[in-house]
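Novice: Please see the structure below; I have some questions.
The values are calculated or read from the model by the stated rules, or taken from the named source; none is laboratory data. The structure presented is a predicted model; accordingly, all values stated were derived computationally and were not measured. All Cβ positions, even for glycine, are placed from backbone atoms using ideal geometry, and neighbour counts span all protein chains on display.
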């Protein structure tokens, strides 16, 4: 049997370790699984995905072992951490200050030979009950500036994910104000839905700053309160993910396309037909929202019935394998 190609076009293929989180693997096991799937990259999006406890995940000896194993397999490592913005509800102060947490992730990335560190500001609550979003943008800029010298010396770029809280133009402002010489974007194709944005618009705005990615598909359709949506494996959605993949390959050459498949959850509702929904979205421009509504009108429920098992390790792996097969077939 002929081996499947490792990449799609000129795009390096990988996956984010969160996709297989329920398997409980350490970095060595995850790398072996990526090699089995004939992938070229793995993003360890949080330190516990390297190993538990944290002492092992940051141990120089273990990190050398992980790096050597990845090099032997021919797999590029990308690194990540969680919320480092101190004004966000996602922030965990027991792990240290924002600069301390981000600085630790940069150190680990350097040891692993990674050139980016994914991190997040927060979640959708940062727009609403914990808003306004501008205060979090300013706080995140301060965190980034505090580790600028370390990031530049290590050759590691901070890759801030659009994580249910920032619209594309807000992320662009954050990166530009912090400094695009050491700050970029982890482009996520599932999260724009939370902030009333077509993922293609997100890509078009953030492509120049994108240094890594999270790809998954979404089904979206009309609901009596506005729109209903569900994250699904690649090919089961209705947002035109095939076009987003093609445009990503064109606009972001050399950037890894990481599958982050988060399926098995029930649908969510965006109640934008109700006035209370608009807290935190007051500055959304009419033409942008019209484009989002147009996507909703073209949409439909998932192409196949979704098994509601968000923490089933076998289901997570099956969704990843099916998404990878769809991606490779779509590129032919």
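Novice: Just to be sure before I move on: is residue 253 surrounded by fewer than 17 Cβ atoms within 10 Å (Cβ to Cβ) and in a loop (DSSP other than H, G, I, E, B) in the structure I sent? I'd like the intermediate steps shown before the answer.
Specialist: Values: surrounded by fewer than 17 Cβ atoms within 10 Å (Cβ to Cβ): yes; in a loop (DSSP other than H, G, I, E, B): yes.
Answer is yes for this residue.
Novice: Inside region 54-72, can you point out the residues that are assigned to a helix (DSSP H, G or I), farther than 17 Å from residue 212 by Cβ and in contact (Cβ under 8 Å) with a residue 40 or more places away in the chain?
Specialist: Taking region 54-72 as the starting set, the residues that turn out to be assigned to a helix (DSSP H, G or I) are 54-57, 60-72.
From what is left, the residues that are farther than 17 Å from residue 212 by Cβ are 54-57, 60-69, 71-72.
Across region 54-72, the qualifying residues are 57, 60, 63, 64, 66, 67, 69, 71.
Novice: Taking the stated definitions as given, is residue 299 in contact (Cβ under 8 Å) with a residue 24 or more places away in the chain, within 29 Å of residue 321 (Cα to Cα), surrounded by 17 or more Cβ atoms within 10 Å (Cβ to Cβ) and over 17 Å from the mean Cα position of the chain (by Cα)? Let's see the steps before the verdict.
Specialist: Details: in contact (Cβ under 8 Å) with a residue 24 or more places away in the chain: yes; within 29 Å of residue 321 (Cα to Cα): yes; surrounded by 17 or more Cβ atoms within 10 Å (Cβ to Cβ): yes; over 17 Å from the mean Cα position of the chain (by Cα): yes.
When the stated conditions are applied, residue 299 passes them.
Novice: Test residue 208 against the criterion of being buried (at least 24 other Cβ atoms within 10 Å of the Cβ), without any contact (Cβ under 8 Å) to a residue 60 or more places away in the chain and not in a loop (DSSP other than H, G, I, E, B), and give yes or no. Break it down stepwise before answering.
Specialist: Details: buried (at least 24 other Cβ atoms within 10 Å of the Cβ): no; without any contact (Cβ under 8 Å) to a residue 60 or more places away in the chain: yes; not in a loop (DSSP other than H, G, I, E, B): yes.
No.
Novice: Going through 34, 51, 105 one at a time, which residue ends up being more than 30 Å from residue 329 (Cβ to Cβ), in a helix (DSSP H, G or I) and at pLDDT 95 or above?
Specialist: Working: 34 fails: more than 30 Å from residue 329 (Cβ to Cβ); 51 fails: in a helix (DSSP H, G or I).
None of the other options fit; the residue is 105.
Novice: Restricting attention to region 155-167, does a residue exist that is assigned to a helix (DSSP H, G or I), modelled with pLDDT of 95 or more and crowded, with 17+ Cβ neighbours inside 10 Å? Break it down stepwise before answering.
Specialist: Residues of region 155-167 assigned to a helix (DSSP H, G or I): none.
The answer is no; no qualifying residue exists.
Novice: OK, next. Residues being in contact (Cβ under 8 Å) with a residue 40 or more places away in the chain and either loosely packed, with under 14 Cβ neighbours inside 10 Å or assigned to a helix (DSSP H, G or I) (or both): count how many of those fall in region 302-329.
Specialist: So in region 302-329, the residues in contact (Cβ under 8 Å) with a residue 40 or more places away in the chain come out as 302-304, 306-313, 315-317, 319-324, 326-328.
Now narrow it down to the ones that are either loosely packed, with under 14 Cβ neighbours inside 10 Å or assigned to a helix (DSSP H, G or I) (or both): 304, 307-308, 311, 313, 315-317, 319-324, 326-328.
Here the count works out to 17.
Novice: Considering only residues that are touching a residue at least 12 places away in the same chain (Cβ under 8 Å) and either in a helix (DSSP H, G or I) or within 17 Å of residue 116 (Cα to Cα) (or both), which ones fall in region 38-48?
Specialist: Residues satisfying the conditions are 40, 41, 42, 43, 44, 45, 46, 47.
Novice: Counting only residues that are assigned to a loop (DSSP other than H, G, I, E, B) and touching a strand residue (DSSP E or B) at 6+ places or on another chain (Cβ under 6 Å), which one in region 211-235 is farthest from residue 317 (Cα to Cα)?
Specialist: Going through region 211-235, the residues assigned to a loop (DSSP other than H, G, I, E, B) turn out to be 216, 224-225, 233-235.
Now drop any that are not touching a strand residue (DSSP E or B) at 6+ places or on another chain (Cβ under 6 Å), which leaves 216, 225, 234.
Numbers: 216: 14, 225: 34, 234: 13 Å.
Result: 225.
Novice: Just one of 269, 244 is at pLDDT 95 or above and outside any helix (DSSP H, G or I); which is it?
Specialist: On the way: 244 fails: outside any helix (DSSP H, G or I).
Sole residue among the options that is at pLDDT 95 or above and outside any helix (DSSP H, G or I): 269.
Novice: Would you tally the residues in region 168-195 being on the phi < 0 side of the Ramachandran plot and either over 20 Å from the mean Cα position of the chain (by Cα) or part of a helix (DSSP H, G or I) (or both)? So that I can check it myself, show each step before the final result.
Specialist: Going through region 168-195, the residues on the phi < 0 side of the Ramachandran plot turn out to be 168-178, 180-195.
Next, from what is left, pick out any that are either over 20 Å from the mean Cα position of the chain (by Cα) or part of a helix (DSSP H, G or I) (or both): 168-178, 181, 191-195.
Going through region 168-195 one residue at a time, the tally reaches 17.
Novice: Which one is surrounded by the most Cβ atoms within 10 Å (Cβ to Cβ) among residues in region 273-292 that are touching a residue at least 12 places away in the same chain (Cβ under 8 Å) and out of contact with any strand residue (DSSP E or B) (no Cβ under 8 Å at 6 or more places or on another chain)?
Specialist: So the residue we want is 292.
Novice: One residue is enough: does region 73-89 have a residue meeting the conditions assigned to a helix (DSSP H, G or I), surrounded by 20 or more Cβ atoms within 10 Å (Cβ to Cβ) and at pLDDT 95 or above?
Specialist: Of all residues in region 73-89, those assigned to a helix (DSSP H, G or I) come to 73.
Checking which are surrounded by 20 or more Cβ atoms within 10 Å (Cβ to Cβ) leaves us with none.
Within region 73-89, none of the residues are assigned to a helix (DSSP H, G or I), surrounded by 20 or more Cβ atoms within 10 Å (Cβ to Cβ) and at pLDDT 95 or above.
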